[in-house]
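Some notes on the structure that comes next.
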Amino acid sequence: MEITQIKSDQSLIIRLVGRLDASWSETVRNEFSAAVRSGEHHITLEMAEVDYISSAGLGTLLILYKELLAIKGDFGISTASPFVESALNLAGLSQFLIPTGEATGATKSDSNRSARSPQATYEVFTTPGPGLRLAMTGDPDILHKGAGPTRNLTFGPTSFAFGIGALGEDECEERFGEFLAVAGTAVFQPTDGANRPDFVVRTGDFLPRGCLAVGLIGEGEFPLLARFEATAESRTVGLSELATTALELSGAESVAITAIVETAGLVGTALRQSPARNPKDARLEFPQIRDWLAFSNERVFRDATALLAGVVAREGSSLQPLLRPIGPGLFGHFHAAAFPYRPVQKGRIALEPSVTALFENNTVHAVLHLLNDDRGFTGAGESEFLRGALWIAPIEESEPSPFTTSEADATSSHSACNGSGEARTARLSIPNPKSAIV
Amino acid sequence: MLEIQSIRKTFNPGTVNEVRALQGVDLVIEEGSFVIVLGMNGSGKSTLLNAVAGSFFVDAGQIRVAGKNVTKWPEHRRAKLIGRVFQNPFSGTAPSMSIAENFALATHRGRPRGLGWALSRGLMDPLRDRIAGLKMGLENRLDNAIGSLSGGQRQALTLLMASWLKPDLLLLDEHTAALDPKSAEQVIALTNEVITRDKLTTLMVTHSMPQAVSLGDRIIMMHGGKILHDLQGPEKKRLRPEDLIERFNAIRAREQLDESAADMLRKNYI
Ligand SMILES: Nc1ncnc2c1ncn2[C@@H]1O[C@H](COP(=O)(O)OP(=O)(O)OP(=O)(O)O)[C@@H](O)[C@H]1O
Ligand SMILES: [Mg+2]
């Protein structure tokens with residue numbers, strides 16, 4: 001069997017020649033998967049010279065069809081040999097055949113505008129809406145001082161939080177690890193010996209509940225959606241470049257970002273023990289640090305799909321205590337949950353269903369604190385991505401001193417993050433969504 | 001039952017070749033427990049088994065087998081309590097002697113010499129039955145030199161010999177590592193059968209993750225001359241090979257965290 005790919009503007013044509021039977025169906029299936037993985041969500045097959053197809057071959061077509069259906073892509077057969085055509089008709093799969101004269105292609109994009117950075121291109125969508133408030137909680141010096149008292153939090157559909165925390169009601173502090181919560185989901189890397197990240201996805205009124213020892217807690221909407229794709233020449237785009245672009249697109253000095261990304265590799269670390277434990281240990285000294293942080297000198301979770309939550313700011317942000325350098329003049333803090341690879345649907349997608357879908361097959365590989373390992377030749381560098389979606393909320397510091405200790409401010413009408421205790425609150429809002437478009 | 005208390009062993013102390021092979025190992029194995037020993041090359045697995053068998057004396061700590069403090073016993077004296085099978089099919093047997101003679105030798109180990117070398121009917125009949133049970137066609141070759149057998153056949157026989165007298169402790173050190181996959185599978189099946197039937201207290205070293213998850217009731221993972229993980233009960237039961245591989249990767253990653261990475265983390269982590 002011969003397999004040829006022909007790349008057109010909006011879709012991929014795959015031409016098959018020969019017999020599509022059991023001995024070839026797996027190869028063809030792998031070819032399809034690789035195409036979807038490389039970002040092709042509109043695939044047309046030419047089967048005019050396929051003189052035989054067995055059930056194994058039909059099954060392969062059906063798998064591709066379902067895979068593309070799940071990400072709202074499309075799939076069709078533009079030309080078919082008489083044998084293939086009659087097999088499809090008899091098998092009840094004639095809907096795969098594209099009526100002549102009608103070509104399948106991408107639906108026209110409704111993006112407001114497009115943008116470019118050195119290593120990626122972007123389509124940007126805006127949804128004017130209310131802002132997003134952000135509060136800092138806990139002492140950033142947690143690894144030296146240990147975990148202090150924490151509050152119980154509930155994470156609703158418009159909650160946004162990340163830091164060191166845990167899910168559950170009691171004895172949170174035994175499990176404190178890398179944590180993130182967005183769009184009614186929450187996931188964390190427990191440090192009580194369990195290797196698997198635990199998660200809660202909002203189901204009706206069943207909401208994620210947990211505690212945050214240190215981190216940022218926000219509530220609100222993301223007015224900007226930027227779909228990005230690394231350029232063909234560079235193949236991947238780094239986190240700092242995406243973060244810079246997010247700042248530029250928003251026009252703000254600092255932004256909160258939720259992202260779903262197809263990864264080329266993550267560079268990150270994760271707590272191995274809860275900071276509530278062994279308070280006397282000089283935790284970040286060598287070699288004890290080996291017992292406290294898990295870090296591998298290389299990119300991990302290549303070809304996975306990741307959920308990111310983070311903030312990025314230029315120098316001088318009031319969030320500085322929780323920020324670290326992620327690039328020249330750029331400060332940020334990002335957490336990532338790595339999932340088995342699944343393609344991210346193209347175009348304008350909604351945050352909550354897209355995030356929820358990541359948890360569908362019940363597997364989270366790990367939750368990491370992303371790092372910029374800038375040790376030159378020996379360093380692993382930063383996390384790199386192929387494509388994905390960035391939801392961006394500018395942080396507008398409306399008051400000279402954005403932090404108040406008002407608890408009411410941290411509690412929204414969605415009743416998310418409603419705990420007792422102290423939280424310093426910043427207001428995240430968009431002064432004028434139109435002006436955010438450069 | 002085996003009780004190991006804070007044992008240490010350093011090879012070539014005070015020289016450039018100094019290796020701290022055991023750095024304080026504590027381990028209690030209940031009677032009848034079948035324990036799998038995992039760990040990367042050089043982690044101290046064989047040294048642990050050798051320390052128990054008495055190939056050398058430990059520098060510190062105590063070893064008790066079946067309630068007896070054997071720490072200062074020489075190897076041959078411990079052999080009364082302990083059966084062993086090594087990786088190399090050519091060790092542990094006398095190649096030029098017949099299968100039957102090897103058995104007689106093995107089963108008289110630690111017993112008064114007075115019983116002599118006689119291959120008594122009392123031994124030969126059950127031996128023939130047992131060897132027939134291996135279905136390796138060896139029951140009619142009891143007079144053949146053991147050196148003429150294949151590696152798989154020899155390991156199967158060595159295992160039978162080592163377990164014949166139902167030792168208080170059975171030590172297996174990668175005893176299928178040198179075998180082809182089919183023979184390894186046969187010897188593993190036999191191992192499991194013998195150990196479970198006679199409820200032998202066992203320490204078995206392997207590098208095979210599938211073996212580690214499917215055999216035994218407990219796994220200890222060694223690293224740097226210490227026990228790093230001890231998995232038993234429901235935790236052992238639900239283990240999958242990929243969980244173990246993940247733990248190995250974590251160990252490797254831990255080694256990679258050097259001083260320069262530590263500096264970077266101090267700067268970049270919150
Ligand atoms: N007799 C010896 N003399 C000197 N060094 C030794 C001796 N036996 C073992 N060592 C050293 O002690 C360390 C532990 O070795 P050991 O054989 O116990 O490892 P292991 O876990 O069994 O590894 P493998 O999986 O390769 O069999 C190694 O560094 C080894 O070189
Ligand atoms: Mg060894």
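Quick notes on this one:
- Scan of segment B:41-68 for residues that are over 12 Å from B:LEU22 (Cβ atoms), touching a Phe, Trp or Tyr at 6+ places or on another chain (Cβ under 7 Å) and within 15 Å of ligand 2 (Cβ to nearest atom), ordered by number: none
- Where a residue in segment A:31-44 is in contact (Cβ under 8 Å) with a residue 60 or more places away in the chain and in a helix (DSSP H, G or I) and its partner, wherever it lies, is surrounded by 15 or more Cβ atoms within 10 Å (Cβ to Cβ) and among the charged types (D, E, K, R), with Cβ under 9 Å and at least six apart: A:VAL36/A:GLU67; A:ARG37/A:GLU262
Condition check ((1) of a type in the set (Phe, Trp, Tyr); (2) in contact with a Pro (Cβ under 9 Å, 6 or more places away or on another chain); (3) under 13 Å from A:ALA87 (Cβ atoms)) across all residues:
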residue: A:THR4; (1), (2), (3): no, no, no
residue: A:ASP9; (1), (2), (3): no, no, no
residue: A:THR27; (1), (2), (3): no, no, no
residue: A:ASN30; (1), (2), (3): no, no, no
residue: A:SER38; (1), (2), (3): no, no, no
residue: A:ALA48; (1), (2), (3): no, no, no
residue: A:TYR52; (1), (2), (3): yes, no, yes
residue: A:GLY57; (1), (2), (3): no, no, yes
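- Against the numbered list (1) under 25 Å from B:LEU244 (Cα atoms); (2) surrounded by fewer than 22 Cβ atoms within 10 Å (Cβ to Cβ), B:VAL85 comes up short only at (2).
- Breaking point among (1) modelled with pLDDT of 90 or more; (2) away from ligand 1 (no atom under 16 Å from the Cβ), for B:ARG130: (1)
- If you go through segment A:1-41 and pick out every residue that is out of contact with any helix residue (DSSP H, G or I) (no Cβ under 8 Å at 6 or more places or on another chain) and either of a type in the set (Val, Ile, Thr) or closer than 14 Å to A:ILE77 by Cα (or both), you end up with 7.
- Those residues of segment B:127-165 which are polar (S, T, N, Q) and not in a loop (DSSP other than H, G, I, E, B), in sequence order: B:SER148, B:GLN153, B:GLN155, B:THR158, B:SER163
- The test for being within 14 Å of ligand 2 (Cβ to nearest atom) and either farther than 24 Å from B:HIS76 by Cα or modelled with pLDDT of 95 or more (or both) holds for B:ILE36.
- Positions within segment A:357-380 being assigned to a loop (DSSP other than H, G, I, E, B), more than 13 Å from every other protein chain (Cβ to nearest Cβ) and crowded, with 19+ Cβ neighbours inside 10 Å, in sequence order: A:VAL364
- The helices (runs of 4 or more DSSP H) found entirely in segment B:167-270 that carry 3 or more residues being more than 14 Å from every other protein chain (Cβ to nearest Cβ) and either over 19 Å from B:VAL85 (Cα atoms) or not aromatic (Phe, Trp, Tyr) (or both) are B:181-198, B:209-214.
- Residues satisfying the stated conditions in segment B:23-53, i.e. near ligand 1 (Cβ under 8 Å from one of its atoms) and free of Cβ contacts under 8 Å to residues at least 60 places away in the same chain: B:ASN41, B:GLY42, B:ASN50
- Candidates A:GLY310, A:GLY332: the one that is within 14 Å of chain B (Cβ to nearest Cβ), assigned to a strand (DSSP E or B), touching a helix residue (DSSP H, G or I) at 6+ places or on another chain (Cβ under 6 Å) and touching a residue at least 60 places away in the same chain (Cβ under 8 Å) is A:GLY332.
- One residue alone among A:ASP9, A:ASP51 is out of contact with any strand residue (DSSP E or B) (no Cβ under 6 Å at 6 or more places or on another chain), assigned to a strand (DSSP E or B), outside the structural domain of A:PHE385 (by TED's automatic domain parsing) and surrounded by fewer than 21 Cβ atoms within 10 Å (Cβ to Cβ), and that residue is A:ASP51.
- Boolean, A:PHE334 is at positive phi and of a type in the set (Phe, Trp, Tyr): no
- All conditions in (1) part of a strand (DSSP E or B); (2) within 30 Å of B:ARG240 (Cα to Cα) hold for A:MET136, with the sole exception of (2).
- For the residues A:PRO275, A:PRO279, A:PRO223, the requirement of being crowded, with 22+ Cβ neighbours inside 10 Å, under 30 Å from A:ASN152 (Cα atoms) and away from chain B (no Cβ under 14 Å) singles out A:PRO223.
- Conditions (1) under 23 Å from B:HIS223 (Cα atoms); (2) buried (at least 16 other Cβ atoms within 10 Å of the Cβ); number of the one not met by B:ALA60: (2)
- Residue pairs meeting the criteria (Cβ under 7 Å; at least 6 apart or on separate chains; first at pLDDT below 60, in segment B:98-114; second basic (Lys, Arg) and surrounded by 14 or more Cβ atoms within 10 Å (Cβ to Cβ)): B:GLY110/B:LYS80
- Residue check, A:ARG290 among the charged types (D, E, K, R) and away from chain B (no Cβ under 13 Å): no
- All positions within segment A:193-212 that are surrounded by 13 or more Cβ atoms within 10 Å (Cβ to Cβ) and not aliphatic (A, V, I, L, M): A:ARG196, A:PRO197, A:ASP198, A:PHE199, A:ARG202, A:PRO208, A:ARG209, A:GLY210, A:CYS211
The values are calculated or read from the model by the stated rules, or taken from the named source; none is laboratory data. Just so you know, these numbers come straight off a predicted model, no measurement behind them. FYI the Cβ positions are ideal-geometry reconstructions off the backbone, even for glycines, and counts take in every protein chain you see.
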